[in-house]
Each structure stands twice: as C-alpha cells, then as structure tokens.
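None of the figures in this text is laboratory data; all of them are computed from the coordinates on show. Just so it is clear, the model here is predicted, and its values are computed rather than measured. Note: ideal-geometry Cβ built from the backbone for every residue, glycine included; neighbour counts use all protein chains shown.
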Amino acid sequence: MPNPRRAIPSVERLLQAPGGAALAARYRREHVVETTRAVLGDVRRAAADGGGVPPDDEILDRVRTRLETGSSARLRRVVNATGVVLHTNLGRAPLAEEAIAALVEAARNGVNLELDLASGRRGDRDALLADDLRALTGAEASVVVNNNAAAVLLVLDTLARGREVVVSRGELIEIGGAFRMPDIMARSGAHLREVGTTNRTHADDYRAAIGPDTALLLKVHTSNYRIVGFTAAVDLPELVAIGRAAGLPVVEDLGSGALVDLTAWGLPREPVVRERVATGADLVTFSGDKLLGGPQAGIIVGRRELVGRLASNPLRRALRPDKLTIAALGATLRLYRESPDLAAALPTLRLLARPLAELEAVGRMAAPLVAARLGDGYRVEVVAADGEVGSGAVPVVPLPSRALAIDHPDVPADRIAARFRAARPPVIGRVHDGRFLLDLRAVFDARELAVDLG
C-alpha cells in the first residue's frame, strides 16, 4: 500500500498557496514557517498512526488557528469575582485613572527619570517621589525599590550584613508563594537573632539579646495572620525605647502600607505609616500595591542618614523601579495629597468601601443575565457572602459582601468554575459549601458577568 505520508505537502508548497501567502504577509515569515512545521509534524504523526492527510487548505486553517492563538496576549484581563479585593494572583491593586494616564505617558515618551531639568545634569529618580512621601509620611527621606521584600533585603544588607538582627519569633512570617521572610533576610547576609516564643515575646527578651554584634531591632507587622489567646508582644513605642537606650536603630516592616486611617470609611484599622514614623521607627518599609492602591513597589521612609546609606548601596541599583512604576506611584501619591474624595479617586479604596446596598443592586441585575448565559437547569441567586481585603491586610476581619451563588443538580461546582475561567473574558470566582460563588465586591457593572460561556 502507498505510504500516506508521501501525500504530506512541503512547507514551501503551503506558503506559496494563497492562504499561506496571506499568513506570511500578516506574520513574520520565520514564525509562519516554524508554526507550519509544527502543524505538519502533527499531521505526520497522525498519518503514521493510520490517519489520513487533510487537504492543504485544512492544514493552513490549522496553521492560522495556531498563529492566532499564539499571538493573543499572555497577560489577559479577568473579572475578579473571588471576593478578595487585593488578590495577589490577579495583580493586587487596580490603578487610579490618573496613575494609568501617567504610566502611558511615560511609556510612550522620553521622561526626566534621572535628569535635573534645571541644571541639565544627572538627577535622582527617588527625588521624583521624595516630596510627596515626605508630606504623606512625615519622614525625612525615602527610597523606592521594586517590592517590599526587596525593601527589607536592602535595609538588612546595608545596615546589618555580617551582624545580628533581633526579631520576635512571632513575627517571622511566610508571604505569598511560599517565600519566607527569614529566608529573604538571610540573603542579606544578616544573622537573625530570634527572641521570645511564637505566641509571647517580652521587652526583656529583646534586652537580653542585645550584644556587641547587634545591628538593629526589627519589627514585622503580622499583616497576613493573627495569633490570639495567650499572647504577648512588644509594641513599637516600647521597642523604640529599647533601641534608643542601646543606641540601635529600630526598623519596622509594615507590609500593607496604609497611608490613611481606613476606619474613616468603615473599614478595619491598619497601622498608618505616618503614625509609625512619628512613634520613632528609624525606618519603615511598606508595599505600594496593597492598601496604598498603587503599582508594585517597596517604599522605605525614615531618617535621612539611614536612607542615604541605603541609596548608596550598590544592591539598590539591582532593585530600583523603572520609569513606569515611578510614574504610576507618583500619580497615586499626588491623589493622596490633593484629592478631596479619596474613595472616588482610588479604585482600591472605592472597592473596599462599597455599601452592601450597591452590591445587592448589581446582583439583582446580574442574576438573570448570568442565568441566560448558563442555560437550562442552572439556579442563580444573590446571597450574603464574606470577602476579604487580601494581600495579608486585616486577615481575621471578614469583609461583608454579596455574591451570585450558582448551582446545577447534575454539574459539580468545580466544573462550573472551570466554565467561567474559560469564558471570554475569564471570570474568576470561588467554590464554597458546594456552590460556585461570584462575589460582587469588585464588580461594578452587572454586564461584566454576562460573558460568553461557550
């Protein structure tokens, strides 16, 4: 019998056909050739297993489909219906419109990233943010790196390399992705001197640990968990007093980095950066993309002399943010200084402070739209739900919300979840008590949930 693989066309024959020529005109020729070879490889394997060789037009259709699929953006917009406002896996804080505009402007054009326009000489990118951070935090100086873990790394590498850092065992946290702060701290070359126990640490534990090799006292805000019950911890004022008496700087890793008191919007209280600086912390580190509501960044504020040492560390160059981060962060900080209505200006704050009545209204509008997309047999109803701030902020305080609960007598919740993840755009919810929930906390328009479910 004739070998069916002899009927497989060559790459050149396919590219010379009208359909192939059109693809070569739309995409880079090398990319089309590579994709065509991959498709022909599939055809060759199928023919070896007894399958037929499809016509050239059908092969070109497969090439076209693969090229179109491959050219779609890897980073895609999704609808956050998880109930977690600052979801690390979904990119954390949504940016304000002013921050987006500043980012686009910086992306499109040359900018004065490190140019002093007055003198024409080289400038300092941190100077672009210094005035705003000084005004918002009360600190003497600041430096910005690419995330808060990098901020801690830079501080310890600069101030404590080869020396001891005293920290409570109850504050040695693990952050997202199984990264543990002790491991990050160890990379700095500092030696951790753990004091106290998991649930109880006293002032005398710090005093007893201080010795000639001690470089600083470190306090870590346990933003992603709480220990309750038989507990004791040394608060910042007492730790500052211990540090002053020993002539040691006190550094606080504040994590979520609230710049304002969230209780003004009916939200649980988180430590405010300005208050920690005023209490006497020599350096405070915090994130830009959590409660602050800006882009990913690690911000360090504090005493001018210490910040100057951080800025001169060669490691800082490896950790510095780019122009896009600085543009978005700068615009976000100016909103904090200038906006008369922060909740309206900052999407993160607006999402966190939305009233339940508003979520109910969105749910009532969305329920019939979603039911129509799902088809027969599905039940969709608005139910009470508990969400959370996310990214480690106020972890033990639920955020009351409303959600669409979706179920079907013959379709398990995980299959419903998968169907929504495959939608255009994908909708990310959660499974709870056997039902699939679409939390409405981060959904402003009911039509966002009326997606194509295939």
Taking placed amide H atoms and a strict 5 Å upper bound, the residues 5 or more places from R193 or on another chain that come that close are V165, V166, V167
Alpha-carbon radius of gyration plus Dmax, which is the widest Cα pair, for segment 40-96 in Å
20.1, 58
Once you sort the root eigenvalues of the Cα gyration tensor of segment 85-168 as a ≥ b ≥ c, which label holds: rounded (a/c under 1.5), prolate (a/b larger than b/c) or oblate (the other case)?
oblate
Which order do the peptides 99-105, 84-90, 377-383, 141-147 take when ranked by the mean count of other beta-carbon atoms within 10 Å per residue, highest first?
141-147, 84-90, 99-105, 377-383
How many Å³ per residue does the convex hull of the Cα positions in segment 300-425 occupy?
203
Lys/Arg Cβ at +1, Asp/Glu Cβ at -1, dipole of segment 211-295 taken about the Cα centre: which of A245, L267, G257 is farthest positive-ward?
L267
Which whole-angstrom value gives the distance between the alpha carbon centres of segment 3-54 and segment 334-386?
48
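Around E252, with a cut-off of 12 angstrom between Cβ atoms, what is the net charge of the other residues, counting Lys and Arg +1 and Asp and Glu -1?
Numbers: positive: K219, R276; negative: E171, D235, D253, E275, D282.
Cβ neighbours under 12 Å give a net charge of -3.
Quick test of the membrane-span-like rule: which DSSP H helices of the chain reach at least 24 Å along their long axis (C-alpha atoms) with mean Kyte hydropathy at least 0.5?
Numbers: long enough: 29-48 (28 Å, -0.28); 356-374 (26 Å, 0.96).
Both cut-offs are met by 356-374.
Please state the shape class of segment 97-345: rounded when a/c is under 1.5, otherwise prolate if a/b exceeds b/c and oblate if not, all from the C-alpha gyration tensor. Mind dumping the intermediate values first?
Working: a/c = 2.00, a/b = 1.47, b/c = 1.36.
Prolate.
For segment 96-141, what class follows from the C-alpha gyration tensor (a ≥ b ≥ c being the square roots of its eigenvalues): rounded when a/c is under 1.5, otherwise prolate if a/b is larger than b/c, else oblate? Kindly include the intermediate steps, with their values, before the conclusion.
Numbers: a/c = 3.37, a/b = 1.10, b/c = 3.06.
Oblate, since a/c reaches 1.5 and b/c is not below a/b.
Report the extension gain between L75 and R13 in nm, rounded to one decimal, defined as 0.36 nm multiplied by the number of residues separating them, less their alpha carbon distance. Mind dumping the intermediate values first?
Numbers: separation 62, 0.36 × 62 = 22.32 nm, distance 3.50 nm.
Working it through step by step, the gained length comes to 18.8 nm.
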Please report the net charge: other residues with Cβ closer than 15 Å to the Cβ of L352, K and R +1, D and E -1.
-1
